[in-house]
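Novice: Structure incoming, see below.
The values are calculated or read from the model by the stated rules, or taken from the named source; none is laboratory data. Here the structure is a predicted model, which is why all the values come from computation and not from measurement. Glycine also receives a Cβ, built like all others from the backbone with ideal geometry; neighbour counts cover every protein chain displayed. Ligands, DNA and RNA are excluded from the accessible area calculation, which covers all protein heavy atoms including side chains. Shrake-Rupley method; radii C 1.70, N 1.55, O 1.52, S 1.80 Å.
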Amino acid sequence: MEHIANIVTADLDVARIRKDFPILQQQVHGKPLVYLDNGATTQKPQVVIDTESRYYEEYNSNVHRGVHRLSQVATDAYEKARHIVAGYINAAHSHEVIFTKGTTDAINLVANTFSRRFLKAGDSVIISAMEHHSNIVPWQIACEESGATLKVIPINEKGELRMDTFEAMLDDTVKIVAVTYVSNTMGTINPVQDIITLAHARNIPVLLDAAQAVQHISIDVQALKPDFLAFSGHKIYGPTGTGVLYGTTEWLNKLPPYQGGGDMIKTVTFAKTIYNELPYKFEAGTPHIAGAIGLGAAIQYLQQTGIEKIQQWEEQLLAYALEQLRGIDGIRFIGDAAHRSGAISFLVHNIHPFDMGELLDQQGIAVRTGHHCTEPLMDLFQIPGTVRASLSFYNTTEEIDKLVAGIRRAASMLL
Ligand code: PLP
């Protein structure tokens, strides 16, 4: 790994990129911030911050409602953001992009409306053992209320899905498969293409939780063909409180509305309401206008930087991090998949993750500790939680070296 320069990689000028993120310039506890909690949320480039404040400073107004100038400017910017998102994931139509509050909101939308229309007693829903709570609980609620059964694809000791078991699980009772593209805890990249192909062979729709994928991996929904795909704006360098549900026109038209209110209607009388067309049918009420526009700016920033270059650098950084971390005495990785991205979970000897996290924080290093909203996965590994370092393209090998030194220092104090 000596060929990896600290800052300037062959294709990505990380030093220049870091200057785009004002928050990265600060010190924490007197040390330069080493931000390795990107799986929880990513930092925002200046252009996203400026785009959001420009909305409030220059054209704050409600969308789709006014004939006045500001409302038209806001509507155009909001709809442009939808086009940018559609282009980024290569959706066939921009009306297949529904703005939501985040991944959780997007999955709840599908679980709620799908179960109301399509689930009944005797049916089943398939998720996997490595799901985030937000791709477990909405389906549990859906199953509880419809009488359907929740089934879980098991994983092997490396944290990879057991695809043979998955295939065997696909019987006539299965009405939908909802799995994560990338595990937020272990970084496993799931074979989503195979999952979709197998499910579609039985006419079963697939929802992909792309919360940890879309910022690391180039996704073409027309090639991959998920029926639904959910992600959060704040994990892809955009504002908090924003997110996306992509759905095919066919499936979105089959689902009933989620929430009722303004914008999702064509006409309302006390006798009957005619719902609006896509995407507005699923966007009741005033949306997070500034946030959606900011998300568009974030995606444009990624596109200008180059998602392939980002992917390449993050792969090198991950390989470097794994190699360096492996040298730490007593380290145990949780998840060791052949294909992975983004997150590395580990424990060192019997040190509690919180203690490790606190001592790293004192050295200016931000990592996540705990169950990472994957409690069933923690139960499988019979651990209370992990320390998780999660990477972004603005991280450097120098920061990885600081993490490794920080862990060694913390371990020497705690053991
Ligand atoms: N799914 C995965 C894989 C995640 O990592 C997360 C957040 O960590 C979520 C869903 C939920 O995202 P949000 O809290 O932004 O709705």
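Novice: Just a yes or no: is a residue in the stretch 379-401 at pLDDT 95 or above, of a type in the set (Gly, Ala, Ser) and more than 16 Å from the ligand (Cβ to nearest atom)?
Specialist: Among the residues of the stretch 379-401, not one is at pLDDT 95 or above, of a type in the set (Gly, Ala, Ser) and more than 16 Å from the ligand (Cβ to nearest atom), which makes the answer no.
Novice: Next question, about the same structure. Looking at (1) more than 14 Å from the ligand (Cβ to nearest atom); (2) closer than 22 Å to Tyr181 by Cβ, which is the only condition Glu375 fails?
Specialist: In the conditions (1) more than 14 Å from the ligand (Cβ to nearest atom); (2) closer than 22 Å to Tyr181 by Cβ, Glu375 misses (1) alone.
Novice: Here's something else I'd like to know. If you take just the strands (runs of 3 or more DSSP E) that sit entirely in the stretch 328-415, which of them hold at least 3 residues that are under 24 Å from the mean Cα position of the chain (by Cα)?
Specialist: 343-348, 368-370, 386-390
Novice: Which condition from (1) closer than 21 Å to Leu317 by Cβ; (2) within 12 Å of the ligand (Cβ to nearest atom) is the one that Ser218 breaks?
Specialist: The failed condition is (2).
Novice: If you take the residues in the stretch 78-89 that are open to solvent by 10 Å² or more (accessible area, probe 1.4 Å) and within 19 Å of Leu208 (Cβ to Cβ), which one is farthest from the ligand (Cβ to nearest atom)?
Specialist: If we take residues in the stretch 78-89 being open to solvent by 10 Å² or more (accessible area, probe 1.4 Å) and within 19 Å of Leu208 (Cβ to Cβ), then Gly87 is farthest from the ligand (Cβ to nearest atom).
Novice: May I ask you to verify whether Ile344 is within 16 Å of the ligand (Cβ to nearest atom), surrounded by 18 or more Cβ atoms within 10 Å (Cβ to Cβ) and among the aliphatic types (A, V, I, L, M)?
Specialist: yes
Novice: Among the residues of the stretch 38-68, which ones are among the small types (Gly, Ala, Ser), surrounded by fewer than 21 Cβ atoms within 10 Å (Cβ to Cβ) and within 16 Å of the ligand (Cβ to nearest atom)?
Specialist: Ala40
Novice: Moving on. Which condition from (1) within 16 Å of the ligand (Cβ to nearest atom); (2) over 21 Å from Ile293 (Cβ atoms); (3) not in a helix (DSSP H, G or I) is the one that Ala92 breaks?
Specialist: Only one criterion is unmet by Ala92, namely (1).
Novice: For the condition in contact (Cβ under 8 Å) with a residue 12 or more places away in the chain, closer than 24 Å to Ile299 by Cα, assigned by TED's automatic domain parsing to the domain that holds Tyr394 and touching a helix residue (DSSP H, G or I) at 6+ places or on another chain (Cβ under 7 Å), what is the one hit in Val34, Val97?
Specialist: Val34
Novice: State yes or no: is Glu323 in a helix (DSSP H, G or I), under 24 Å from the mean Cα position of the chain (by Cα), among the acidic types (Asp, Glu) and not assigned by TED's automatic domain parsing to the domain that holds Ser218?
Specialist: It is false that Glu323 is in a helix (DSSP H, G or I), under 24 Å from the mean Cα position of the chain (by Cα), among the acidic types (Asp, Glu) and not assigned by TED's automatic domain parsing to the domain that holds Ser218.
Novice: Further question on the same structure: If you go through the stretch 130-157, how many residues are within 13 Å of the ligand (Cβ to nearest atom) and touching a Leu at 6+ places or on another chain (Cβ under 7 Å)?
Specialist: Matching residues across the stretch 130-157 total 2.
Novice: A follow-up question, please. So which residues in the stretch 182-205 are without any contact (Cβ under 8 Å) to a residue 40 or more places away in the chain and within 13 Å of the ligand (Cβ to nearest atom), if there are any at all?
Specialist: Within the stretch 182-205, just Val192 meets the criteria.
Novice: Please name all residue pairs, on different chains or six or more residues apart, with Cβ atoms under 9 Å, provided the first residue is in the stretch 112-136 and is assigned by TED's automatic domain parsing to the domain that holds Trp251 and among the acidic types (Asp, Glu) and the second residue is open to solvent by 20 Å² or more (accessible area, probe 1.4 Å) and not in a helix (DSSP H, G or I).
Specialist: Asp123/Gly147; Asp123/Thr149; Asp123/Thr173; Asp123/Lys175; Glu131/Val152
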